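In what follows, a single structure is set out as structure tokens and then discussed.
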Amino acid sequence: MPKPKKPAPRKATVKYVPRGAAATSAMAAPAPVAERRPDAPTAPIARRPDAPAALVAKHARKLASQVRVDATALAHAKVSLADAHRLDTLADTLDATQATWLVIQDARNVGGVAHAREPVRAGRDHVFAALRTFADANPTTQSTLDDIGDVQGDDDLISDTTRLLALAKKHQHDLDGTDVTDARLASIRSALALFAAARGGTMAATGTTAQAEDEATRSARRARNRAFWALADLDRQVARRGQYAFRDDDAKRTRYALYRRTATTAAVEIPAT
């Protein structure tokens, strides 16, 4: 009996694709999309105040007074006299940072340069005279004072005052007991920052504002925003816990109403930590 023939192996077939068509097909292929890891941290979001600073500070102080009245009843709601003290302290901080922010905003208005210049000039002259008198035993300092000399313009005034404040810190021992106190030096530094901000506003009107001169404004805004949210978060926590403590007493529960929001929070800038 003859053996059956083995089937002939099939030849591999290659489909011909024109070169141009192959290139087009490769270009049309979609690129893989990278998926975000579920455990990836979210980007920090900075919030602007959602109510006027003065309103929140006033609400917090009123809330602190109410906590002191109801301290015993609030103990089981995890509200203490320490919370009342923190509310008052943070309200004071918010008032101070808001005031600084508003002053800098006013100083940045065109036309505020002359008004902001005078405290700096007076402070510069005060520190210069004090160092001439009480640091007279230091030849290096006296040589620096010779180099500072007279004010030749606003840039010179800023530079001179900055150098003099550094010298005052160096000669703190020599200036002890004089009227160049820490408070006086702090007021000169504040005046210098306001003056720089005022000049920044004027220069912005002509398109020549500098990055360094905007830092005072940026810092003031960040400080105000941090103070606002530190107070707002505590205020809302205490108010909610007060509502819980007096959930069966409508009259007292209304005394722990939350402050009224007037704007939607939004991302504006990542604050410095």
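The values are calculated or read from the model by the stated rules, or taken from the named source; none is laboratory data. From a predicted model like this one, the values you see are computed outputs, not experimental measurements. We place every Cβ from the backbone using ideal geometry, glycine too, and count neighbours over all the protein chains shown.
Residue-level analysis places residue 130 among those that are more than 27 Å from residue 220 (Cα to Cα), assigned to a helix (DSSP H, G or I), of a type outside the set (Ser, Thr, Tyr) and at pLDDT 90 or above. None of 227, 196, 212 is within 24 Å of the chain's Cα centre (by Cα), at pLDDT below 90 and either crowded, with 18+ Cβ neighbours inside 10 Å or not in a helix (DSSP H, G or I) (or both) except 196.
Conditions (1) in contact with a His (Cβ under 7 Å, 6 or more places away or on another chain); (2) at pLDDT below 50; (3) loosely packed, with under 10 Cβ neighbours inside 10 Å; (4) hydroxyl-bearing (Ser, Thr, Tyr), marked per residue:
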{"residue": "30", "(1), (2), (3), (4)": "no, yes, yes, no"}
{"residue": "39", "(1), (2), (3), (4)": "no, no, yes, no"}
{"residue": "44", "(1), (2), (3), (4)": "no, yes, yes, no"}
{"residue": "48", "(1), (2), (3), (4)": "no, no, no, no"}
{"residue": "55", "(1), (2), (3), (4)": "no, no, no, no"}
{"residue": "59", "(1), (2), (3), (4)": "no, no, no, no"}
{"residue": "66", "(1), (2), (3), (4)": "no, no, no, no"}
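Mind checking which residues of region 72-86 are touching a residue at least 12 places away in the same chain (Cβ under 8 Å) and part of a helix (DSSP H, G or I)? Residues satisfying the conditions are 73, 74, 76, 77, 81, 83, 84, 85, 86. Would you check if residue 145 is among the hydrophobic types (A, V, I, L, M, F, W, C), closer than 21 Å to residue 216 by Cα and surrounded by 11 or more Cβ atoms within 10 Å (Cβ to Cβ)? Criteria not met by residue 145. Just one residue in the set 117, 124 is modelled with pLDDT of 90 or more, among the charged types (D, E, K, R) and either assigned to a helix (DSSP H, G or I) or out of contact with any His (no Cβ under 6 Å at 6 or more places or on another chain) (or both); that residue is 124. If you filter region 133-156 down to residues that are assigned to a loop (DSSP other than H, G, I, E, B), within 29 Å of residue 197 (Cα to Cα) and of a type outside the set (Val, Ile, Thr), you find that the one that is nearest to the chain's Cα centre (by Cα) is 153. Would you check which residues across region 157-176 are over 18 Å from residue 147 (Cα atoms) and either over 28 Å from the mean Cα position of the chain (by Cα) or outside any helix (DSSP H, G or I) (or both) and list them? Across region 157-176, the qualifying residues are 172, 173, 174, 175, 176. Across region 51-74, the qualifying residues are those that are charged (D, E, K, R) and within 24 Å of the chain's Cα centre (by Cα), and the one among them that is farthest from residue 239 (Cα to Cα) is 58. Within region 236-252, take every residue that is in a helix (DSSP H, G or I) and free of Cβ contacts under 8 Å to residues at least 24 places away in the same chain and give me the one that is nearest to residue 60 (Cα to Cα). For region 236-252, the residue satisfying everything is 236.
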